[in-house]
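Read through the structure below, which is laid out as structure tokens, and then see the notes.
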Amino acid sequence: METVEIKKQLHEYIEVADDRLLNLLYGMIVADKKDYEIPEWHTKIIEERLEEYEKNPQDSISLEEFKSRIEKMR
């Protein structure tokens, strides 16, 4: 379906939608526009892991190796 047609149908729907569905749609719009901040504790974990990787890159595995190990566990 074309974007123009989707917009048209949404406009028509909004005119007849009940409060519950309007609130749901509005919540999706607000969530889409919200800027999410990364918590400081999460940033710290990422920095620690990056630092550990930079010190010992040989201790890491490739994504392909990781996937292979996961598949062997199944």
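Could I have the simple spin-label model distance between residue 13 and residue 60, label points 7 Å from Cα toward Cβ, reported in nm to one decimal?
4.3
Each residue of region 44-54 in turn: what ³J(HN,Hα) in whole Hz from Karplus with 6.51, -1.76, 1.60 and θ = phi - 60°, glycine and Pro shown as x?
Per residue, the Karplus-derived 3J(HN,Hα) values read 4, 4, 4, 4, 5, 5, 5, 4, 5, 4, 5 Hz.
Pairs of lysines 8 or more apart, or on different chains, with alpha carbons under 24 Å: count those in region 1-62, would you?
5
Could you work out how far apart the two model spin labels at residue 1 and residue 50 are, taking each label as a point 7 Å from the Cα in the direction of the beta carbon, and quote it in nm?
In this crude spin-label approximation the distance works out to 4.2 nm.
On average, how much area does the Cα convex hull of the chain cover when viewed from any direction, in nm²?
10.5
As a test of the formula, what do you get for the chain when each DSSP H run with n ≥ 4 contributes -39,500 (n - 2.57) and the sum is divided by the residue count, at 222 nm and rounded to the nearest 500 deg cm²/dmol?
About -24500 deg cm²/dmol.
Computed from the coordinates by the stated procedures, all read-outs in this text should not be read as laboratory data. Keep in mind the model is a prediction, meaning the values are calculated, not measured. Counting neighbours? That spans all protein chains shown, and the Cβs are built from the backbone with ideal geometry, glycine included.
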